[in-house]
2 protein chains.
Amino acid sequence: MNKPVVLVIDDEPQIQKLLQINLENNGYKVHYAMTGKEGLLLAANQIPDVILLDLNLPDIHGHQLLLELREWYNKAIIILSVLNSEENIVKALDNGATDYLTKPFRSGELLARIRSVIRRNSLDESSSVLQIGDIEIDLIAHVAKLNNEVLKLTATEYNLLVLFAKNEGRVLTHQQLLKDVWGVGNQNDTQYLRVFVAQLRKKIEKDPNQPKHIITESGVGYRFQ
Amino acid sequence: MNKPVVLVIDDEPQIQKLLQINLENNGYKVHYAMTGKEGLLLAANQIPDVILLDLNLPDIHGHQLLLELREWYNKAIIILSVLNSEENIVKALDNGATDYLTKPFRSGELLARIRSVIRRNSLDESSSVLQIGDIEIDLIAHVAKLNNEVLKLTATEYNLLVLFAKNEGRVLTHQQLLKDVWGVGNQNDTQYLRVFVAQLRKKIEKDPNQPKHIITESGVGYRFQ
DNA sequence: CGAAAACATGAAAATTCTTTCAAAAAAGGG
DNA sequence: CCCTTTTTTGAAAGAATTTTCATGTTTTCG
């Protein structure tokens, strides 16, 4: 079994040292970048399993770097930041961050988060079947079932359902949903979402007027359960 | 385990005596300053865990000292102030004071406040899950629970609750709350706050008439615990 | 104690957000 | 190329949320 590869993009020497000790002692292969530019390069070269990204970099702003990384990099990105405002967290999540940790953090917690995202990552690939209540999605076969009956879904409906299923119990903002299903550039067309959520509800909810699966979070987004 | 260090900046001898007896008997290491100048110096030298600051000093005004301290000192500052200076207290809190007590105060209350701010200081802020008593907020999932049941909150209610939870035990002024939840520009509409506090109480308090979580500090703001 | 200020709260009004329907445009298959 | 399916767009109805208002209660302070 190969060591998981972690890329640290952070210019604070103390943090680098702290992470080095902790990560290398726990069986990770670690690469370090001091700047955003360097980080992008290393990410492209090494394709790490997890990227730890500080929002406060000398050259590029972290949010910007996050966007650029997400154009092609689809594994875990954990944000490290001194800022713990709601606004920053939401923005980071909207831009595709996997998790968010506020500095200062306990290293035990960071290790736990890294294990968690790596597990989730390999889960996505190995176990190809998601099961949420009476809904079952076979990602390999590309088939969704409700109570063992195959659902007839269009491509977009299917993508949306998979995204919901992968994020059970968590609120997904309009932005996140639009970006993941329709791609960057369609992030302001909340209307798409509304139409397709309505269609999905018609197909998976017993009573589409009293949805049990896709819950509306007014002004924010939707939550799947 | 080291004794927590407290710095008292107050020129009233009675207060000094009272604090000395109470604090030293409760396992604190205490330093005393009679003037603002002396206080700044000691603070820089000792880096205390808590500073108790009287607003009424012989040389510098307490507000000025508070601002100067806050340029570099990020631990707890508790204001001690004579009765009847509510305006001053609000100003102090807005300027970064952690808490305040009006003189005369019961020493038991002071000790409780000190314990509270020290606990919060050493608290791990990195977690994306806030746990306060029977309330749990997952910032990543954007979900708040009361006794493990998901709370149905509007966006504004959620934001307000998160702000409260992040400042457990501490008084937040109307200004601070309004600015954080409604943004700059709405800082004079205390009425919003009252309406939403009432709504939150309905959802999280067992008996909204006897709130245990959101405590009103008349003329100042609210305290969450 | 009593007046004034601050607070609590239910409910109406205004606004914003969501759902739904339907038609037009685009894509895909034979 | 035409027909079918899917996606996009627009508009109106409906629902939820936020704001405003009115009224009663509590707190503060001389």
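The values are calculated or read from the model by the stated rules, or taken from the named source; none is laboratory data. Fair warning: this is a prediction, and the values are worked out from it, not measured in the lab. Cβ coordinates were reconstructed from backbone atoms using ideal geometry, including for glycine residues, and neighbour counts include every protein chain displayed.
Test A:Ala112 against the stated conditions and say whether it is of a type in the set (Gly, Ala, Ser), more than 14 Å from DNA strand C (Cβ to nearest atom), surrounded by 16 or more Cβ atoms within 10 Å (Cβ to Cβ) and not in a loop (DSSP other than H, G, I, E, B).
On the way: of a type in the set (Gly, Ala, Ser): yes; more than 14 Å from DNA strand C (Cβ to nearest atom): yes; surrounded by 16 or more Cβ atoms within 10 Å (Cβ to Cβ): no; not in a loop (DSSP other than H, G, I, E, B): yes.
Considered against the rule, which asks whether it is of a type in the set (Gly, Ala, Ser), more than 14 Å from DNA strand C (Cβ to nearest atom), surrounded by 16 or more Cβ atoms within 10 Å (Cβ to Cβ) and not in a loop (DSSP other than H, G, I, E, B), A:Ala112 comes out as no.
Out of the range A:50-61, which residues are more than 23 Å from A:Arg115 (Cα to Cα) and either crowded, with 24+ Cβ neighbours inside 10 Å or among the hydrophobic types (A, V, I, L, M, F, W, C) (or both)? Reasoning before the result, please.
Let us first name the residues in the range A:50-61 that are more than 23 Å from A:Arg115 (Cα to Cα), namely A:56-61.
Answer for the range A:50-61, where residues must be more than 23 Å from A:Arg115 (Cα to Cα) and either crowded, with 24+ Cβ neighbours inside 10 Å or among the hydrophobic types (A, V, I, L, M, F, W, C) (or both): A:Leu57, A:Ile60.
Within the range B:142-159, can one find any residue that is touching a Pro at 6+ places or on another chain (Cβ under 8 Å), within 16 Å of DNA strand D (Cβ to nearest atom), within 24 Å of B:Asp94 (Cα to Cα) and modelled with pLDDT of 95 or more? Before the answer, list the steps.
Of all residues in the range B:142-159, those touching a Pro at 6+ places or on another chain (Cβ under 8 Å) come to none.
Taking every residue of the range B:142-159 in turn, none turns out to be touching a Pro at 6+ places or on another chain (Cβ under 8 Å), within 16 Å of DNA strand D (Cβ to nearest atom), within 24 Å of B:Asp94 (Cα to Cα) and modelled with pLDDT of 95 or more.
Of all residues in the range A:194-212 being away from every other protein chain (no Cβ under 14 Å) and in contact (Cβ under 8 Å) with a residue 12 or more places away in the chain, which is surrounded by the most Cβ atoms within 10 Å (Cβ to Cβ)?
Going through the qualifying residues, I end up with A:Leu200.
Of the residues B:Asn121, B:Asn148, only one is of a type outside the set (Ser, Thr, Tyr), under 12 Å from the mean Cα position of the chain (by Cα) and within 14 Å of chain A (Cβ to nearest Cβ); which?
B:Asn121
For A:Glu168, indicate whether it is within 22 Å of A:Ile215 (Cβ to Cβ) and among the charged types (D, E, K, R). Give the derivation first.
Details: within 22 Å of A:Ile215 (Cβ to Cβ): yes; among the charged types (D, E, K, R): yes.
Spelling it out, A:Glu168 is indeed within 22 Å of A:Ile215 (Cβ to Cβ) and among the charged types (D, E, K, R).
Can you tell me which residues in the range B:169-193 are of a type in the set (Asp, Glu) and either more than 14 Å from chain A (Cβ to nearest Cβ) or within 13 Å of DNA strand C (Cβ to nearest atom) (or both)?
B:Asp189
Specify the residue that is surrounded by the most Cβ atoms within 10 Å (Cβ to Cβ); the eligible residues are those in the range A:6-43 that are of a type in the set (Val, Ile, Thr) and under 22 Å from the mean Cα position of the chain (by Cα).
Looking only at the range A:6-43, we keep the residues that are of a type in the set (Val, Ile, Thr), and these are A:6, A:8-9, A:15, A:21, A:30, A:35.
Adding the requirement that they be under 22 Å from the mean Cα position of the chain (by Cα) leaves A:6, A:8-9, A:30.
Working: A:Val6: 24, A:Val8: 23, A:Ile9: 28, A:Val30: 19.
The qualifying residue surrounded by the most Cβ atoms within 10 Å (Cβ to Cβ) is A:Ile9.
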